[in-house]
Amino acid sequence: MALLVALEKCKDAGLAKSIGVSNFNHKQLEKILNKPGLKYKSVCNQVECHLYHNQSRLLDFCKSHDIVLVAFDALGSQRVKEWVNLNHPVLLEDPVLSAIAQKHKQTPALFALRYQIQRGVVVLTKSFNKKQVKENMQVFDFELSPEDMKAIDGLNRNRRYCEFLPK
Ligand SMILES: NC(=O)c1ccc[n+]([C@@H]2O[C@H](COP(=O)([O-])OP(=O)(O)OC[C@H]3O[C@@H](n4cnc5c(N)ncnc54)[C@H](OP(=O)(O)O)[C@@H]3O)[C@@H](O)[C@H]2O)c1
């Protein structure tokens with residue numbers, strides 16, 4: 001809570017436009033929302049969010065409090081060894097996702113990103129590959145049908161990639 005007060009002071013001093021949090025569950029969000037004397041509400045909460053961990057309950061909670069859910073690991077983090085449990089399946093190789101993407105002549109990555117945008121999630125991804133950066137920008141050029149959205153919703157298994165495994 002002391003950090004929150006410090007951040008509020010930063011905003012008052014014009015050093016920050018808004019305050020956001022990361023990796024907060026709904027109980028932690030509730031705690032800061034109910035903090036006596038809260039001056040500024042958190043505008044966003046950045047969490048791991050993808051097809052296998054779609055955070056639908058947290059998303060509903062955030063929407064009901066006008067907090068933007070920001071997704072990281074939206075492409076499944078692509079097997080960065082220090083963070084990721086390598087025993088988990090590769091998200092972009094999911095057979096349902098691949099079949100839907102193929103049907104629409106798009107890539108699984110674009111479908112995984114578009115899914116988030118259509119459910120009101122702000123999605124982060126990164127790439128060092130120019131071709132993939134360009135590809136990801138096409139996320140605004142097409143739409144998923146309600147049937148595709150439903151099929152992708154069905155892939156959720158509340159499985160995190162980021163486990164911060166001991167080295
Ligand atoms: N708040 C937190 O706790 C937290 C935790 C983790 C990450 N983040 C942030 O979230 C952001 C996103 O990073 P992320 O780690 O979550 O990863 P991600 O977006 O799930 O995956 C990034 C990986 O996907 C690959 N990629 C990008 N576009 C692709 C495409 N079109 N097709 C196939 N592969 C593609 C990239 O590889 P190439 O470079 O080879 O293209 C990169 O290795 C970063 O800014 C990161 O700092 C925040």
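Scanning region 76-84 turns up no residue that is away from the ligand (no atom under 14 Å from the Cβ), more than 26 Å from F142 (Cα to Cα) and not small (G, A, S). Residues of region 50-100 that are without any contact (Cβ under 8 Å) to a residue 40 or more places away in the chain and among the basic types (K, R): R57, R79, K81.
What about K105, is it surrounded by fewer than 13 Cβ atoms within 10 Å (Cβ to Cβ) and in a loop (DSSP other than H, G, I, E, B)? Yes, satisfied.
Of the residues screened, H53 is not one that is closer than 26 Å to S145 by Cβ and more than 12 Å from the ligand (Cβ to nearest atom). Note on region 11-24: residues that are surrounded by 14 or more Cβ atoms within 10 Å (Cβ to Cβ) and not in a strand (DSSP E or B) amount to 4. The one condition from (1) under 20 Å from L58 (Cα atoms); (2) touching a helix residue (DSSP H, G or I) at 6+ places or on another chain (Cβ under 8 Å) that N158 does not meet is (2). Only one of the numbered conditions (1) surrounded by 13 or more Cβ atoms within 10 Å (Cβ to Cβ); (2) in contact with a Ser or Thr (Cβ under 6 Å, 6 or more places away or on another chain) is violated by V133, and that is (1). Consider region 108-128 and keep the residues that are modelled with pLDDT of 95 or more and outside any helix (DSSP H, G or I). The one that is nearest to the ligand (Cβ to nearest atom) is V123. Does A151 count as under 25 Å from S22 (Cα atoms) and in contact (Cβ under 8 Å) with a residue 12 or more places away in the chain? No.
The values are calculated or read from the model by the stated rules, or taken from the named source; none is laboratory data. Predicted model only: the values in this text are computed from it and were never measured. Note: ideal-geometry Cβ built from the backbone for every residue, glycine included; neighbour counts use all protein chains shown.
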